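Inspection log for the structure reproduced underneath, given as structure tokens.
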Amino acid sequence: MDHKTKNIQKTISGFSKLSKVGKLKWLAENFFKDPQSTIEELRSYWHSDDRQQKILDGFSENTISNFPMPFGVAPNFVIDGKPYAVPMVIEESSVVAAASMAAKYWMTRGGFKTTILGTVKIGQVHFKWYGEGSILRSIFPEIKLRLKKEAMTITSNMDKRGGGILDIELVDFTDKEEGLYQLRCSFETCDSMGANFINSVLEQFGKSLQLFIEEHPKTSDQANKLMIIMCILSNFTPNCVVRAEVSCPISDLGTMGSNLDAEALAYKFWTAIRIAEIDPYRATTHNKGIFNGIDAVVLATGNDFRAIEACGHAYAAKDGHYQSLSHCTIEDDVFRFWIDMPLAVGTVGGLTSLHPIAKKSLELLGNPSAQELMKVIAVTGLAQNFAAVRSLITTGIQSGHMKMHLVNILHQLNASDEQIKNAVIHFNDKVVSFSAVRDFLQS
Ligand code: MEV
């Protein structure tokens, strides 16, 4: 029976209970034209070491195979005087090449400088209190003490490492929604990203708050006026921020391979950043370029790129309108370019110590502390942004990008090794496009 006529079953109950091969077979038979070759292809990406495969499968659910992504390295980053080769996992052509170019460019101009501006993480207990707000405020100091005390079994290890609960604030949202309050809690989580730690503490806070209200003489008769809505960390960490910067005398900028002089380049560069500070349409693309670098290192080191992205974009809008994450000044003939980047990352716990390649990435970076990793990530974002803006204000990005993309197009058109070699020579001084490459292969 061919795929069109056989009895196709596109829904299933108990999929998660099937073995991995069972899942693969069911999917292949019901969703793919050629089940056998689909199974073989997806199986070919299984790890040859069963133990390693089990580790990968443990990261998610309903796994049927692995999804390969390129693991690249951008060398020649000098950060606070120390050299790094930065691991990057990204599927987009030109990104690693651009980061490497920017790293080398600034290596000869003093390198990148960084400053940690803060490492505070945030968590929230959202709740409703329909009783008197003044009662809640009057007993809040006691609530704080009890919450901290009852979370001690969870916090003791983190306390020993120099972290733990920093503060608990009562935030009143009753002007926006009747009875709505929040415990806004701040944490130091040292070298771990801290999501599990924070969420465990917050859930304990929720339970302790409920009990406290039930037992306290001022509130015991109105315990039903409290409703814990949810306890969860906030991915917005505006006080867990690192600054990365570069600067040099304008004359040291050189021509950047263009026909402009250093002064004109500096002015064009500054204006490009200014546009991204003013216009959210440009800012979104500008910041996307920054995240090309940031996400690639975050992913390579086993950190949570969705959290980093969400926070970065919220931070970019913190002053009331969405704008560039990077900034530039030209003062006293000095060109300065910097980024303040919120980065809640870890170098222990989570995937960092489980994912075999994430471990290698961290080793490549010299097994950094979380703060050192924040620096490397922010610098890579800044370098990426520098390279993109430099291209945009000089050659445009398409020539370089399409040169890098040429081989992808050739693969898509099933070109042989010989054809690829000839095409690379042919397109050296020509504009690359899908149709131009197809025409070349046909000719
Ligand atoms: C492409 O992935 C990123 C850029 O569009 C960033 C930018 O425009 O600044 C080149």
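The values are calculated or read from the model by the stated rules, or taken from the named source; none is laboratory data. This structure is a prediction, so every number in the text was calculated from the model and none was measured. No Cβ is skipped: glycine too gets one built from the backbone with ideal geometry, and neighbour counts run over all protein chains shown. Ligands, DNA and RNA are stripped out before the accessible areas are found, and what is left, the full protein with its side chains, is counted by its heavy atoms. Shrake-Rupley method; radii C 1.70, N 1.55, O 1.52, S 1.80 Å.
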Here are some conditions: (1) farther than 30 Å from residue 348 by Cβ; (2) open to solvent by less than 70 Å² (accessible area, probe 1.4 Å); (3) in contact (Cβ under 8 Å) with a residue 12 or more places away in the chain. Residue 218 meets all but one. Which one does it not meet? (2)
Members of the range 104-125 that are part of a helix (DSSP H, G or I) and open to solvent by less than 60 Å² (accessible area, probe 1.4 Å): 105, 106
Scan the range 310-331 residue by residue and report those that are open to solvent by less than 60 Å² (accessible area, probe 1.4 Å), free of Cβ contacts under 8 Å to residues at least 40 places away in the same chain and in a strand (DSSP E or B). none
Pairing a residue in the range 74-94 that is among the hydroxyl-bearing types (Ser, Thr, Tyr) with any residue that is at pLDDT below 95 and within 15 Å of the ligand (Cβ to nearest atom), where Cβ atoms lie under 7 Å and the two sit 6 or more apart in sequence or on different chains, gives 93/401; 93/404; 93/405; 93/408; 94/400; 94/401; 94/404
Tell me which of these residue 38 doesn't satisfy, since it passes every other one: (1) under 20 Å from residue 11 (Cβ atoms); (2) out of contact with any Phe, Trp or Tyr (no Cβ under 7 Å at 6 or more places or on another chain). (2)
Those residues of the range 11-21 which are not in a helix (DSSP H, G or I) and not β-branched (Val, Ile, Thr) amount to 13, 14, 18, 19
Residues of the range 383-400 being more than 12 Å from the ligand (Cβ to nearest atom) and under 26 Å from residue 363 (Cβ atoms), which ones? 383
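The rows are residues; the columns are (1) charged (D, E, K, R); (2) assigned to a strand (DSSP E or B); (3) open to solvent by 50 Å² or more (accessible area, probe 1.4 Å).
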residue	(1), (2), (3)
139	no, no, no
145	no, no, yes
165	no, yes, no
168	no, yes, no
If residue 390 satisfies every condition in (1) at pLDDT below 90; (2) open to solvent by 40 Å² or more (accessible area, probe 1.4 Å) but one, which is the exception? (1)
Identity of the residue in the range 332-357, touching a Pro at 6+ places or on another chain (Cβ under 9 Å) and not in a loop (DSSP other than H, G, I, E, B), that ends up surrounded by the fewest Cβ atoms within 10 Å (Cβ to Cβ): 334
Please verify whether residue 149 is exposed (fewer than 15 other Cβ atoms within 10 Å of the Cβ), part of a helix (DSSP H, G or I) and of a type in the set (Lys, Arg), treating the condition exactly as stated. yes
Can you pull out every residue in the range 152-163 that is open to solvent by 90 Å² or more (accessible area, probe 1.4 Å) and not in a helix (DSSP H, G or I)? 161
Look through 284, 301, 271 and report the one residue that is on the phi < 0 side of the Ramachandran plot, open to solvent by 60 Å² or more (accessible area, probe 1.4 Å) and of a type in the set (Val, Ile, Thr). 284
Return a yes/no flag: does the range 344-367 have any residue that is more than 13 Å from the chain's Cα centre (by Cα) and farther than 28 Å from residue 67 by Cβ. yes
Among 381, 400, 396, the single one that is assigned to a helix (DSSP H, G or I) and either out of contact with any helix residue (DSSP H, G or I) (no Cβ under 8 Å at 6 or more places or on another chain) or surrounded by 23 or more Cβ atoms within 10 Å (Cβ to Cβ) (or both) is 381
Which of (1) crowded, with 20+ Cβ neighbours inside 10 Å; (2) more than 24 Å from the chain's Cα centre (by Cα); (3) aliphatic (A, V, I, L, M) does residue 98 not meet, given it meets every other one? (2)
Regarding residue 264, is this residue of a type in the set (Gly, Ala, Ser), under 20 Å from residue 395 (Cα atoms) and open to solvent by less than 50 Å² (accessible area, probe 1.4 Å)? yes
Does residue 293 satisfy the criteria of being away from the ligand (no atom under 16 Å from the Cβ), buried (at least 23 other Cβ atoms within 10 Å of the Cβ), in contact (Cβ under 8 Å) with a residue 12 or more places away in the chain and not in a strand (DSSP E or B)? no
Between 427, 440, which is away from the ligand (no atom under 16 Å from the Cβ), under 30 Å from residue 256 (Cβ atoms) and either among the β-branched types (Val, Ile, Thr) or open to solvent by less than 70 Å² (accessible area, probe 1.4 Å) (or both)? 427
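Conditions tested, residue by residue: (1) outside the structural domain of residue 372 (by TED's automatic domain parsing); (2) open to solvent by less than 70 Å² (accessible area, probe 1.4 Å); (3) in a loop (DSSP other than H, G, I, E, B); (4) at pLDDT below 95.
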| residue | (1), (2), (3), (4) |
| --- | --- |
| 23 | yes, yes, no, no |
| 26 | yes, yes, no, no |
| 29 | yes, no, no, no |
| 33 | yes, no, yes, no |
| 39 | yes, yes, no, no |
| 66 | yes, yes, yes, no |
| 78 | no, yes, no, no |
| 86 | no, yes, no, no |
| 102 | no, yes, no, no |
